[in-house]
1. Output yes when any residue across the range B:401-410 is surrounded by fewer than 20 Cβ atoms within 10 Å (Cβ to Cβ) and acidic (Asp, Glu), and no when none is.
2. Checking residue B:514 against (1) at pLDDT below 95; (2) farther than 25 Å from residue A:67 by Cα, which single condition isn't satisfied?
3. What number of residues in the range A:393-412 are farther than 11 Å from residue A:366 by Cβ and not in a loop (DSSP other than H, G, I, E, B)?
4. Is it the case that residue B:290 is in a loop (DSSP other than H, G, I, E, B), in contact (Cβ under 8 Å) with a residue 12 or more places away in the chain and surrounded by fewer than 21 Cβ atoms within 10 Å (Cβ to Cβ)?
5. Within the range B:170-182, can you find the residues that are at the interface with chain A (Cβ under 8 Å from one of its Cβ atoms) and either more than 23 Å from residue A:126 (Cα to Cα) or basic (Lys, Arg) (or both)?
6. Tell me, which residue of the range A:183-198 that is touching a Lys or Arg at 6+ places or on another chain (Cβ under 8 Å) and within 9 Å of chain B (Cβ to nearest Cβ) is surrounded by the fewest Cβ atoms within 10 Å (Cβ to Cβ)?
7. Could we say that residue A:245 is facing another protein chain (nearest Cβ under 10 Å), touching a residue at least 40 places away in the same chain (Cβ under 8 Å) and either more than 19 Å from residue A:169 (Cα to Cα) or assigned to a loop (DSSP other than H, G, I, E, B) (or both) here?
8. Select from the range A:301-321 the residues that are of a type in the set (Gly, Ala, Ser) and under 17 Å from residue A:273 (Cβ atoms) and list them in ascending order.
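The values are calculated or read from the model by the stated rules, or taken from the named source; none is laboratory data. Since the model is a prediction, treat every value here as computed from it, not as a measurement. Ideal geometry is used to build each Cβ from the backbone, glycine not excepted, and the neighbour counts take in all protein chains shown.
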Number of protein chains: 2
Amino acid sequence: MYRTHTCGELRIADNNKEVTLAGWVQTVRKFGAITFVDLRDRYGITQLLFGEKLNKVLEENPLGREFVLQATGKVNERSNKNANIPTGDIEINVSSFTILNKSAVPPFTIQDDTDGGDDLRMKYRFLDLRRNAVKKNLELRYAVNRAARNYLHSNGFMDIETPFLIKSTPEGARDFVVPSRMNPGQFYALPQSPQTFKQLLMVSGYDRYYQVVKCFRDEDLRADRQPEFTQIDCEMAFVEQEDILNMFEGMIKSIFKEVKGIDYTEKVERMTWEDAMWNYGNDKPDIRFSMKVLNLKKPASVYVNKADQSSLINGADFKVFDEAETVLAIAVPGCSEYSRKQTDELTEWVKRPQVGMKGLVFIKCLPAGQAGNADGTYKSSVDKFYSEERLKAIADAAGGKAGDLILILAGVEERTRKAISDLRMEMANRLGLRNDNEYKLLWVLDFPLFEYDEEGNRWVARHHPFTSPKPSDIETMISNDPVIHNAAEYLKHPYANIKANAYDMVLNGNEIGGGSIRIYQRELQEKMFAALGMDKEEQLHKFGFLLGAFEYGAPPHGGIAYGFDRLCAILGGSESIRDFIAFPKNNSGRDVMLDAPATIDEKQLRELQIKTDVTGD
Amino acid sequence: MYRTHTCGELRIADNNKEVTLAGWVQTVRKFGAITFVDLRDRYGITQLLFGEKLNKVLEENPLGREFVLQATGKVNERSNKNANIPTGDIEINVSSFTILNKSAVPPFTIQDDTDGGDDLRMKYRFLDLRRNAVKKNLELRYAVNRAARNYLHSNGFMDIETPFLIKSTPEGARDFVVPSRMNPGQFYALPQSPQTFKQLLMVSGYDRYYQVVKCFRDEDLRADRQPEFTQIDCEMAFVEQEDILNMFEGMIKSIFKEVKGIDYTEKVERMTWEDAMWNYGNDKPDIRFSMKVLNLKKPASVYVNKADQSSLINGADFKVFDEAETVLAIAVPGCSEYSRKQTDELTEWVKRPQVGMKGLVFIKCLPAGQAGNADGTYKSSVDKFYSEERLKAIADAAGGKAGDLILILAGVEERTRKAISDLRMEMANRLGLRNDNEYKLLWVLDFPLFEYDEEGNRWVARHHPFTSPKPSDIETMISNDPVIHNAAEYLKHPYANIKANAYDMVLNGNEIGGGSIRIYQRELQEKMFAALGMDKEEQLHKFGFLLGAFEYGAPPHGGIAYGFDRLCAILGGSESIRDFIAFPKNNSGRDVMLDAPATIDEKQLRELQIKTDVTGD
């Protein structure tokens, strides 16, 4: 062993002990005939004092940043204590030392506020990983991993490894494939998730399964997507939705407790998907703050069966509202005093291409005494179309109080809904309503089972093809033909209203986990595949093993998978999952440190009996 | 929840409780107007009693094997108790039941002694997994996983995930590769192990790393090899070999304790590679029994620098020995009374193609009183070449005692050494010296750093290119040219004698783990790569990131990896790792349940810009 102690553990109680430390040189400070060195390892930083005699040796063997140093000496109380670090009361009076390895000058500083840009730090990831900020992220990741495993273990779950070299059954995302040398012309696929395997394990009687497991999706990468990512993957048999919700509410609370020291004692809120879409404009609302959406004019989507309040805006000859597919509003607290400049800036914000609105309508709910009026008044950018009374009615419906600013967007359904949702988050950010140290969990329930695919004029699975409809909707599903005969009227097809036994867990506006109760009857599973446009042959080719398994006593079952990278990022207060992955890939799916992917030898291609066929398109 | 209890937990203390169970129908036994059903789940079996009234319902809804059943009723004390199962004192007097799912008649019985053959059970793996024998294996696997993690965690190790989509750097085994759609013409590789990543983590300061991780090797499969397998992968910084040996001796003992309830208190034995090869003919000896090999005529290999005892056989004009490259013997205890038939059978055994010897020489050490002689005599198949005195001298040298049978093999080095090693194991099996419930660990140390590759007339790494030579051999390595100018005299090359800082952990004759202290100096690593025939350009292309990392303060480090599948198999008393993998592949690398690998869509190939190019050779 190259050391007796780590750089994080010595205290005043160790005074006079002879110790040996090993670590990296963080800083070298020369003061005349003596030198101070801060020695760093995973556990902390300890100050080394090189006295006059050793100083001469140091002059011949100068230390540089990131040199690997082994030093032996006595622990001494420091005269000049450093209250900022746990070892700050002591230093080591070095009696001998060895330079274990030298270091070139690192391309960026190994500090919390490093001077290295993203690309440089990715290329030298092994140096970036030395920074305390990154280390804390990986430590948090390990703590979450450990807490989840311990919770699941104590609840009788078993970690069972599922295979990585499986069969390609692309549904939704693309598979990564692996050519088989032993079976020329054939390919394995890397799993997008262990979905079918965990279901087989339920059929096999392993009624509580978990795995912290790598999954792979060959998608066009957006920021914050990785081609390989990790799931906490779980499945249970003989359960109903309520059992899963309770079990995994327990898991996340246990993670909060173990990792963050937070007692999340309240019951996790629940919300139907319809309510989430209706009140927040998206299916993963941040409920740390209210600011609910008022549906002035109901979006057309069948998926939300609620009544709007269009009477509030109708008959005013305001074309923008009259012609819009949907009109949505939020009440932003305490912003009624926004200046013209500020409302103009907000208008510009919603007109940016990322949001894509044509404009913004606002109503200021001016409190009494403000703007020279006694009773409170309503000022709006659409004053000439709406009386103050009508403005008040709209503001009231939006939950606006004196001092609030009502923001109204109008346009085509999907874009406008996304825009109001983005605007809601933006205003909350500006108002400091999204506190990093506040955590608010939410179950979103009762998702639609199907989504309409316009291009193919057919149904696609909103979650995945193994999700069970609500028991009350099974009959609707079985007894109706999935074919949509009239594309314009797809909303009237009975399938449009079928709800899934599916659930998402949302944390502070991010989906951290999702799952469902599964289909476990062959007949219903076949109906589902058929509804998604798969003929018998394709069903058997892709999922014959699962349909076969359902013949031999499949129990009712369901499960959930957590996006482990994202969960860690949110718990670590970051937007980026990359910061919580030891060796992430960039947005082009490249590992710039390894320089991978790369060309391979002709010999490898020959052995695999494949050829590259790059056409450049 | 579909149940209030599992099928394994009810006891006499639960008498009269109203309970609901859910599980699989193991057996149905009708006795006149009542029916007994054994209901099975992961936790056990509970007997259900269907009385007269329900029996009629049963007649209309007959139960079959493997039906999924939910049953509610009262716990009753059984009149006819079954002492073989923990729930044998009680039964459930069923008041209502639901058939949750039916089952076709399974293709084999779900019992310990199943009637299903290997292929059938692989195809219906989801049913095979229901068998108690297989379940016990997976439970043991999880217990080993858990014990290893707990030990490593309590010793400050961190689980850090390394990437699966990396760069192809084939050294030794072939890589599985993954075409990149986003980078046409380029490929990722799946890791053969996280070797370089864990070393980078050491450079990054994470001084204790572990991972239970899938690895991939595209090898021609032999029995008991899988294209994907799992390692317990560990690495430590600021350590010497002794630290690693102690740490992982601790881990394996902790696994013994937690998983098997065995207190393995003695110190794990240690043996040099030379001694292992010399005394046992292989580098993973089973030391539960002695039966050491006598090197009558030393094998030519430079790797064993020991003196033989050829004077014992020389000058007898026995051509077989005189002309053989090597002559090796073992003393088999208590077999001196073997009949002609038995020695003939042994001779046939060594002549089988798998062993490949031309014959077998034996010496019987007949004890006094046996075979009609008073003092003890020596009878041999080579009586006419060797006097009884000389036979005695050979027997004595082999450690033979009165009553032993000395078996001698002669031939070319490698085959003969393997044959004596096989014969030793075979005789131990026949004599019951390999007790499944006895566990004997061994560290094999001081492996050669290099092996000679005859075909290329060059050195290859015995372990891998990152293994450090013994500190005392570094100078030899640096100051000598690796080129072998005279192939016939490669044994005289200084590299032939360089020993590695490498170690294997052996359990009952199986290598369960192996590792080494690593090179951490760029210069030495470059020398190693060069010694293996890699020019500068290739070094930088394949391992530039690692060489680069060694520039920035790499600490001394080393590690070990355990073959998790094999470790579990040995602890479970099996020869086959497949029995300990939930979804294994067959010997052609196929998953016969999934029918993978398989052809993929033309569209997938087009997107990947590759073509299959199957030539049929």
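1. So far as the range B:401-410 goes, no, none of its residues is surrounded by fewer than 20 Cβ atoms within 10 Å (Cβ to Cβ) and acidic (Asp, Glu).
2. Among (1) at pLDDT below 95; (2) farther than 25 Å from residue A:67 by Cα, residue B:514 violates only (1).
3. The qualifying residues number 10.
4. Answer is yes for this residue.
5. B:174, B:175, B:176, B:177, B:178, B:179, B:180, B:181, B:182
6. Checked the range A:183-198; the qualifying residue surrounded by the fewest Cβ atoms within 10 Å (Cβ to Cβ) is A:183.
7. no
8. A:301
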